[in-house]
Amino acid sequence: MSKNQVQFQKGYSLLDVFKNYGTEDQCAEALFKWRWPDGFRCPWCGSGSHSVLKTRKLYQCSDCHHQTSLISGTIFEQTKLPLTIWFLAIHLLTQAKTGLSALSLKRQIGVSYNTAWSMKQKIMQVMKERDDREPLSGTIQLDDVYWGGERRGGKRGRGSANKVPFVAAVSLNEKGHPIAMNMNVVKGFRLTEIARWARQHLSPGSRVISDGLPCFSAVLQAGCHHYSIVTGGGPQSVTKEEFTWVNTIIGNVKKAINGTYHAINPKHLPRYLAEFCYRYNRRFQLEDMLPRLAYVAVRTPPMPGRLLKLAEANG
Ligand SMILES: [Zn+2]
């Protein structure tokens, strides 16, 4: 699909959102189907027989008497917001071309800044969990990046405390066009860490192209083939054809994140990277972004509160 085909695909309008998910009942019904496509299952014992406690909106298992709500055990757990607001937020965040800050989200859905910020973190967490389960395959360009520091030149591999190392990987089709990407924060560019990363994020048998950084040979431990190209690290190196796509995408993600957010606490960077990758990986599927994300959201456990306490000064 060309760039124009991405821009002019049918998509999903705000009117569609209001028509299909404009009331609490519509949202609850949709969420029920996504959470329990084959009918209710007790999350405690797996039984299907249950009764509904209508006044408190609870489902009670007839076998173990465990009570569960539609959102308990999911990323939405304990929310006091209407589902309609959540669905609208999911729509806006999945359709935004280069990202949507918590401040913009706050303005568009009419909640406080802190509420918008933590909703955004939760939705980004869903995006991350989804793509963390989808390893890349085929031909993959791989590169090492530092967030908050210069990437090329200088003392590579010795990032200071405010530089966050992450791996950027882009898979290509036979024509050399990018298909999907992932970007994951790592503890450092060491063999053991890259081996761990590769086992989770690359399919065995992939052909991985990287520069000469020694740790990247660890992809062999994940059953991948490895081709390393020595670039020399000078300004010329980034124009090498082998790295065109991964470098373009690294540039785009840095530009998008810097343009949308004021400052990002390194603790949250993995989710901002995941947000960018998630949308990129689904750029041909704008029409069903909302249901696809919501389907994963009801399978994503609640986020620990400690990750949601840093709302201030975190775009
Ligand atoms: Zn049960």
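Some notes on this structure:
- Odd one out for Q78 among (1) more than 16 Å from the ligand (Cβ to nearest atom); (2) surrounded by 12 or more Cβ atoms within 10 Å (Cβ to Cβ); (3) in contact (Cβ under 8 Å) with a residue 60 or more places away in the chain; (4) not hydroxyl-bearing (S, T, Y): (2)
- Annotation: of all residues in segment 35-47 being without any contact (Cβ under 8 Å) to a residue 12 or more places away in the chain and surrounded by 14 or more Cβ atoms within 10 Å (Cβ to Cβ), the one that is nearest to the ligand (Cβ to nearest atom) is R41.
- Boolean, H50 is more than 29 Å from S118 (Cβ to Cβ), surrounded by 12 or more Cβ atoms within 10 Å (Cβ to Cβ) and within 9 Å of the ligand (Cβ to nearest atom): yes
- Residues being polar (S, T, N, Q) and surrounded by 19 or more Cβ atoms within 10 Å (Cβ to Cβ) - total across segment 268-309: 2
- Hits in segment 54-73 (condition: open to solvent by less than 50 Å² (accessible area, probe 1.4 Å), more than 9 Å from the ligand (Cβ to nearest atom) and either hydroxyl-bearing (S, T, Y) or not in a loop (DSSP other than H, G, I, E, B) (or both)): L58, Y59, S69, S72
- Test: D25 is away from the ligand (no atom under 12 Å from the Cβ), open to solvent by 80 Å² or more (accessible area, probe 1.4 Å), among the charged types (D, E, K, R) and in a loop (DSSP other than H, G, I, E, B): no
- Residue match in segment 117-137 (condition: away from the ligand (no atom under 16 Å from the Cβ), without any contact (Cβ under 8 Å) to a residue 60 or more places away in the chain and open to solvent by less than 30 Å² (accessible area, probe 1.4 Å)): yes
The values are calculated or read from the model by the stated rules, or taken from the named source; none is laboratory data. Predicted model only: the values in this text are computed from it and were never measured. We place every Cβ from the backbone using ideal geometry, glycine too, and count neighbours over all the protein chains shown. Please note that ligands, DNA and RNA were not included when accessible areas were found on the heavy atoms of the full protein model with its side chains. Shrake-Rupley method; radii C 1.70, N 1.55, O 1.52, S 1.80 Å.
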